Structure formats: structure tokens, C-alpha cells
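Have a look at the structure below before the remarks.
Bear in mind that the values in this text are calculations on the coordinates, not laboratory data. Owing to the predicted nature of the structure, the values given are computational and were not obtained by experimental measurement. Here the Cβ is made from the backbone with ideal geometry for all residues, glycine too, and neighbour counts use every protein chain on show.
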Amino acid sequence: MTLDFDEGDELRALRSAVADLGSRYGQAYFLEQARSGGRTDALWAEAGKAGFLGVNLPEEHGGGGGGMVELSIVLEELGAAGCPLLMMVVSPAICGTVIGRFGTPEQKDRWLPGLADGSTTMGFAITEPDAGSNSHEITTVARRDGDGWVLRGQKVWISGVDQADALLVVGRLADGPTGTLRPALFVVPTDAPGLTASAIPMEIVSPERQFQVFLDDVRLPDDALVGHPDQGIAQLFAGLNPERVMAAAYSLGVARLAMRKATEYARERQVWGTPIGAHQGLAHPLAACQIEIECARLMTQKAAWLIDAGQDAGLAANSAKYAAAEAAVHAVDQAIQTHGGNGLSQEYGVAALLAMSRVSRIAPVSREMILSFVAQHDLRLPRSY
Ligand SMILES: Cc1cc2nc3c(=O)[nH]c(=O)nc-3n(C[C@H](O)[C@H](O)[C@H](O)COP(=O)(O)OP(=O)(O)OC[C@H]3O[C@@H](n4cnc5c(N)ncnc54)[C@H](O)[C@@H]3O)c2cc1C
């Protein structure tokens, strides 16, 4: 008998401590930073100091020694409190995992303590304008230059370049003898000569912004290449399942926030002498949303657990991300409907969640690509592309 759905005292304590921190800042802080062009540095720094950002990283490098179960709890609770920190998906989850598993001892010493306490933030750059979802087609290339590298290419939709000290860039190595291109990961400081970034104007109400990044013959030292040149694919995949679990946690936080707002409003608001939440036209869709959230949360916990147990988590992580994104889209839509006109006002902060909830259907991997993945790998259906 090993199946156990009880999170236990330690994880409950973590949830509660993060929820306390998140509620001290709250959605008002998050939206104010977003609308004034500010950033979430204060919250990020406090979460880092409390050990929340590095809860998944190894203790010997300043982390909490936990895993994705703990880190996804942190992001879910911050989101539920109104502060879904998108950079948690990339900095500790992807970059921390990849460097923690594959980095050289020097790379671990250099990067992990800062990622763990939040004093260093790292972005992740794989998407390119022409390749889009088809990452096999990326064209950012690294070539040898003396005992270092020169990186050239272009990336798009890269989150938090303004917050990041460095980017973990997925490029390709020109393989001398065969001429083929192999994926490889490089740590590129955001102030490296030749790296420029421009913010993409977005309709997402968030202080965490997206950027286009140009790598114009960026010179890098030999040790900018993470791990071993032959392990590029394995390294990349090691980061992708944590990314999907964190995207699910992000969506769960947004969904829970929408549901809290909707149910509080539905209990109070009266237009026919009874709270609007008594009408089944509102109560049933809200209840359905709640069930979707709970199912998505169970799937997220399972995927996080599989990653931490070192087991194959591809299907679970993709399914969790899909389920949580759908739950968030439905919960935010229903929360807006529940608020009537107020649902579209700035005052109630519900419409502010709209684009944010849609992000999860698109990034880091779109709903359609997940469905194709499940169709091929779980249902063994032929692929169309
Ligand atoms: C807010 C935000 C933050 C992001 N942050 C980062 C980041 O930090 N780092 C990073 O590298 N990237 C980031 N991304 C990029 C993100 O991962 C991509 O947007 C995503 O992978 C989709 O790629 P695309 O936008 O090029 O869409 P496309 O690949 O052009 O797809 C467009 C549409 O076509 C569909 N489609 C494509 N191929 C198929 C197919 N074979 N079958 C069916 N449908 C298909 C897609 O599902 C989608 O609906 C971010 C994106 C957003 C919106």
C-alpha cells in the first residue's frame, strides 16, 4: 500500500507559508507593477530569501533539496494569491534542473546558488520566429572560435530578458565531420556584447514581459556550453517536463484565483433578492470548473512526482499542462460571466486574467502539439506532420 493522496505536514506548511507571502503582495501589487511598467523584483527577492524559489535545487548548492512537487506548490500558491511568477517556470525549473543535472562542477558552483536564492535569474530561449512549434528547425548556430564559441541567431517570445542575468539558449553545434547540426545549450549573459533584446508589446496584464532576442556573433567562453556536447538532446528534455509541470502550476494558480473571486462575488451579489450563486445557471458551471481544477491538480502532482522519482514523465507532464490550461481558461471565462459587467472592469481584476489564462493554451507547448503527442505516444495513432 503506497498510494497516498495526503500531501503531509511539510508540504501543507510550504503551501501555507507561500500563500502568506503571496497574499502580503496580492493581485493589487501584481497589477500595479504591470500597469506602471514596474517589475516583481521585491516579491522575487523575498521568495528567494525564504528558500521558495530554490526549493527544488540541491542542498549542496543552496537549494532546498526538494523537487518539482515542492516547486510547483510554490508557483500554484503564488498564482492563487494573485502573483503568478512566470519566471519560476524558466529560472529554477528549466535552467536550475538542466544545470543541476548536467552542468560541470564549476557551472553548478557558478549558477545554482544564485538561482536558488533568487539573486540570479535565468531565462530560457528556444523559440525562433521561423521554427515556431517545430523546434527541430531552429537555426541559431554556435561555431568554434579559438577555445570559445560564437553564437548567431534570433529568438522570440523570450520571457523576462529584462529580469534575467543570463539566458539558457538552445542552439545548434555545427558538427565538423558530418556537417549535421546537433542541439546544444549555452549560458549567455544578457549583457554579452552582440546580444540585444526588444520588448514585444503584449495584451497580457503582467509585469513579466516577452522579448525578441538577437544574437549577433556573441562571443562566449568555452564553459558557456552546458554539460557535454553529445548530451544536448537529453539535457533539453530534462528541462522540458519540469517546464510543463510549472506551466500547469501557473494555470492552476490563475484558475484558483478566478474561482475565489467568482465564488466570493456569487455569494454576495443579489439581483432577485437571492445571491446570484444560488442560481444553478451560475452554480453548475462554477462547480464544473472546480472539478476540472481538482483533476488538473491531481495530474500535476502525479507528473511532478514522476519527475522527482526519476521516472518517465512525458505523458503525465503534457497531460497535466493541457488539463490545467483548459481548467484556467474555463475558470476565468466563468468568473467573468459571474461578475456581469464588473467582470470586465479593472476594479475586480478578473478580465486581467483573461490573456494570462490563454497563455497556458499556447506556451510553452500549444494545446494542439500536446494532443498530437498524446495521440501518437499514448494512442499510437500515425502522425500528420
Ligand atoms: C507569454 C509567452 C511566453 C513565452 N515564453 C517563452 C520563453 O521564455 N522561451 C521560449 O523559448 N519561448 C517562449 N514562448 C514561446 C512559446 O513556447 C511558443 O509561442 C509556442 O511554442 C508556440 O509557438 P508559436 O507561437 O511559434 O506558434 P506556431 O508554432 O506558429 O503555431 C501556431 C498555431 O498552429 C498550431 N500548430 C502548429 N503546428 C501544428 C501541428 N503540427 N498540428 C496542429 N496544430 C499545429 C499551434 O498549436 C498553434 O495553435 C512564450 C510564448 C508566450 C505567448
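Observations
- Alpha-carbon centroid distance for the pair segment 120-135 / segment 200-216, whole angstrom: 12
- Ranked list, fewest to most other Cβ atoms within 10 Å of each Cβ, for W44, W305: W305, W44
- Whole-angstrom gap from segment 1-79 to segment 301-318, using each part's C-alpha centre: 20
- Sum of side-chain charges, T338 neighbourhood, beta-carbon under 14 Å (Lys, Arg +1; Asp, Glu -1): +1
- Semi-axis lengths, Å, segment 9-100, gyration tensor of Cα atoms, sqrt of 5 times eigenvalues: 22, 15, 10
- For segment 236-377, a crude dipole built from +1 on the beta carbon of Lys and Arg and -1 on the beta carbon of Asp and Glu, taken about the Cα centre, is about 100 debye to the nearest 20.
- Remark on D145: its backbone amide H falls under 5 Å from those of V150, a criterion applied only to residues 5 or more positions apart or on other chains, H modelled at 1.01 Å from N.
- Simple rule: put +1 on each Lys or Arg Cβ and -1 on each Asp or Glu Cβ in the chain, find the dipole, and look at Y322, A283, W149; the Cα lying farthest toward the positive end is A283.
- Taken one residue at a time, the phi angles of segment 283-288 give Karplus couplings (6.51, -1.76, 1.60, θ = phi - 60°) of 5, 5, x, 5, 5, 5 Hz. Gly and Pro are set to x.
- Our coupling estimate for segment 353-359, obtained by passing each phi through the Karplus curve with A = 6.51, B = -1.76, C = 1.60 and θ = phi - 60°, is 8, 4, 5, 4, 5, 6, 3 Hz, Gly and Pro reported as x.
- Debye, to nearest 20: dipole size of the chain, +1 on Lys, Arg Cβ, -1 on Asp, Glu Cβ: 920
- Dipole of the chain [Lys/Arg +1, Asp/Glu -1 at C-beta], most positive-end residue of L298, S357, F186: S357
- Relative contact order for segment 82-192, counting Cα pairs under 8 Å that sit 6 or more residues apart, in percent: 22
- Charges were assigned to the Cβ only: +1 to each Lys and Arg, -1 to each Asp and Glu. The resulting dipole of segment 126-220 about its Cα centre is roughly 260 debye.
- Once Rg and the Kirkwood radius are both taken over the C-alpha atoms of segment 272-349, their ratio Rg/Rh works out to 1.16.
- Beta bridges per DSSP, both residues in the chain: antiparallel share near 85 percent.
- Each Cα pair under 8 Å and six or more residues apart adds its separation to the average, and for the chain the resulting relative contact order is 16 percent.
- Count of lysine pairs in the chain with Cα separation under 30 Å (8 or more residues apart, or interchain): 11
- More than 24 angstrom apart: percent of Cα pairs within segment 236-377: 35
- Square roots of 5 times each gyration tensor eigenvalue, C-alpha, segment 180-316, largest first, Å: 44, 23, 9
- For segment 31-46, putting each phi into the Karplus relation 6.51 cos²θ - 1.76 cosθ + 1.60 with θ = phi - 60° gives couplings of 5, 5, 4, 4, 7, 9, x, x, 9, 9, 4, 5, 5, 4, 5, 5 Hz, in residue order, rounded to whole numbers and with x for Gly and Pro.
- Taking the charge dipole of segment 27-88 about its Cα centre, with +1 at Lys and Arg Cβ atoms and -1 at Asp and Glu Cβ atoms, the residue from H61, G38, G82 reaching farthest to the positive side is G38.
- Computed over the chain, the P(r) curve from all C-alpha pair distances, binned at 20 Å from the origin, holds 28, 57, 13, 1 percent per bin.
- Along the chain, the exposed loop sites are GluC sites (Glu not before Pro) outside DSSP states H, G, I, E and B with at most 10 other Cβ atoms within 10 Å, and the longest stretch free of them is 1-202.
- Ordering T140, T263, T300, T104 by the number of other Cβ atoms within 10 Å of each residue's own Cβ, fewest first, gives T104, T263, T140, T300.
- Based on DSSP H segments of at least four residues, each scored -39500 (n - 2.57), the chain has a per-residue ellipticity at 222 nm of -16000 deg cm²/dmol.
- Sorted largest first, the principal axis extents computed over the alpha-carbon atoms of segment 313-376 equal 43, 17, 17 Å.
- Cβ crowding within 10 Å, taken as a proxy for footprinting-reagent exposure, orders R101, R383 from fewest neighbours to most as R383, R101.
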